[in-house]
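Written out below as structure tokens is the structure these notes cover.
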Amino acid sequence: LRPGGPNRDASAYGRTAASHSGSYGQRMKNPVSPDYYGIVPQADNLSTATCPSNVMDVNVPRHCNSSICNPETADFQDAELQEAIRQSIEEAERRQVEEDAEIAQVVAIAAEAEEAEQRSQAEEAKRRSEAEEAAAEENRIREEQQAAARRCAVQAPLPPPPGLAETFGPRQWLNDASISLAYAQLAAGGAIAAGGGNPLPEFVLLMDPATAFWLTLQEDLDQVEEVKGVLKLQDRQLVLCPINDSRDGGKADAGTHWTLLVCWDRGCGSGESTASSSLPPGQSNSQSSAGPFSRFCYYDSLLGGSGTSGGANLAQARTLASRLAGRDVQVLPDNCPNQTNCFDCGIYVLLFSEIIARAFIESHDRGFGAQPSPYASKTSWSFAEAHDGWSHSQPVWQSRVESVTPMEVSVRRARYFESF
């Protein structure tokens, strides 16, 4: 703006309007101050220096034209420019806020994932620690059991209570304690018949007479299952059970006769995996293989396998066999020698037990359990007899059991008496 008085013209500034005609083409009166007039650059001479298009890194529209100095439009254009700048700044701030929020969300997700991974690793470490502790405890228990077994193997059985040895004297009846003492000797490797030396393997169980009696009379089946678990029947392949004819659970040594129940697993002790002793004709094989034991023999030195009624002993043997097998089973007397007196039944049970245990262990070590035979006990039925086309089989000990003589029983009684 230059003063426009009569003494102030363009030449006062060293240049005239004409001298600026190349770059300043318009001369405008200033309505606000008439003494001043404005020289406005021509439109084709406008540049970024005279009309900036970028303010604070924000694009703004150019409105530089011949009317930029027009007071009537200048205020409006300034307001529009300021509004555009304000909106651009707000948009930039909004985008920055969104980017900050996205970054914060990503950081939060990453932190949550890292925390979850840490929790997972902690839980896995805890599980491994618990598993290691359980394995260590299991190993400790196993080592204790093995140590106990080694101690039992090297320690001689305790001497019998006073008066117990006399039950093995001539013409004496054996009681529960007598059978338990002889079984303890046999289990520890001190068997009279087998010659002694090696303890019985874990898969052979000589059941204590009191335990067999309790399992027979117990009415609470839950307790029966608990005791079966303690006996580890799932690990046994042969179980020998002395049976007494007493039915009085409140009185010890009330019975008058001993018999023997033999239980063994399917395929062990038999030349045919499908054969099952003591099954009557018509019983299916599925019935004989439903429990842990599928074959049963029963020896009564009074009956000798005659097939006549076995009285209380046979009834209790059937009850015990059914409970050990987990199902109803049929048990019938098998062939065995007859005793010639009224006091040797207990000795017959012990001698039968020694013969059966030794024969079973020997056949187990050889990899089979029974010998095929062209005959079978007339009261011992197998799956073969119920279904033609299968051959008969009998336990490997059967012929040895049948060969026992009264003289052998008397000699065995004397040896027990001398041993105890």
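Put simply, when 177-189, 112-124, 214-226, 335-347 are sorted by average Cβ atoms within 10 angstrom per residue, most first, you get 177-189, 335-347, 214-226, 112-124. Using R0 = 45 Å, the C-beta based FRET efficiency linking Glu138 and Ala92 works out to 0.05.
Under 19 Å from a label point set 7 Å out along the Cα-to-Cβ vector of Ser419, the amide N atoms of segment 314-344 belong to 344. For Gln172 and Ala210, the FRET efficiency from 1/(1 + (r/R0)^6), where r spans their Cβ atoms and R0 equals 22 Å, is about 0.65. The string of couplings for segment 356-364 from the Karplus curve (6.51, -1.76, 1.60, θ = phi - 60°) is 5, 4, 5, 5, 5, 5, 5, 5, 5 Hz, one whole number per residue in order, with x for Gly and Pro. Available extension along the chain between Glu402 and Arg128 is 92.8 nm, counting 0.36 nm per residue and deducting the alpha carbon span.
Extension gain, Asp78 to Gln223, is 42.1 nm, computed as 0.36 nm per intervening residue step minus the present C-alpha separation.
No value in this document is a laboratory result; all are computed from the given coordinates. This one's a predicted model, so the numbers in the text were calculated from it and none came from an experiment. In this analysis, Cβ positions are derived from the backbone assuming ideal geometry, glycine residues included, and neighbour counts consider all displayed protein chains.
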